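The structure appears below as structure tokens.
The values are calculated or read from the model by the stated rules, or taken from the named source; none is laboratory data. This one's a predicted model, so the numbers in the text were calculated from it and none came from an experiment. Methodologically, a virtual Cβ is constructed for each residue, glycine included, from the backbone with ideal geometry; neighbour enumeration extends over all protein chains shown.
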Amino acid sequence: MVTGLFDLYPSVLLLEEGAAPPPEPTAPANLVAVVVAGPQVNLDWSMAGITDATDVSIERRDVTAGEAFAELATTGDGGAEVYEGDAGPFTPKHKYQYRVVVVGGVSDGLASNVVTVFGGGVGHIRRRRHV
């Protein structure tokens, strides 16, 4: 039985002579959290080198409670580099972590660095630091 090239090597990508190779997957970088009054956090990051994303997912986890990362919001824009919105709810004295994840394109699923904030009073956050 004779098989085609793609049957033998399904992940092979054939390029025309002189064609540029596809871009390397790139994760968002330089994520920073800025604490705002109330249960709000502003997140800023870089999407440098990511040109084909369809969305950006904002993820959060309660480290103190042992939670996994879960989606908090999406930007609705694959080129977005900022999120200003609800960051809660917060439990006093709990540690929370945030990251942003690319949706779509060659970088789909790649996550940024993680930033950490701490729960202060009810529904508030205080200070930030990089992990």
Original post:
Taking interchain pairs and intrachain pairs at least six residues apart, which have beta carbon atoms under 7 angstrom, with the first residue in region 89-113 and under 17 Å from residue 52 (Cβ atoms) and the second among the hydroxyl-bearing types (Ser, Thr, Tyr) and part of a strand (DSSP E or B)?
Top reply: 100/57; 101/57; 103/57
Subject >> Matching entry among 64, 91 (being surrounded by 13 or more Cβ atoms within 10 Å (Cβ to Cβ), part of a loop (DSSP other than H, G, I, E, B) and modelled with pLDDT of 90 or more) >> reply: 64
Original post:
Looking at region 43-84, which of its residues are more than 13 Å from the chain's Cα centre (by Cα) and among the aliphatic types (A, V, I, L, M)?
Top reply: 48, 63, 65, 68
**OP:** Write out, first by first residue and then by second, each pair whose Cβ atoms fall under 9 Å of each other, whose residues are 6+ apart or on separate chains, and whose first residue, in region 47-71, is at positive phi while the second is β-branched (Val, Ile, Thr).
**Re:** 49/26
Subject >> Which listed residue is in a strand (DSSP E or B), surrounded by 16 or more Cβ atoms within 10 Å (Cβ to Cβ) and at pLDDT 90 or above, from 117, 35, 41, 56 >> reply: 56
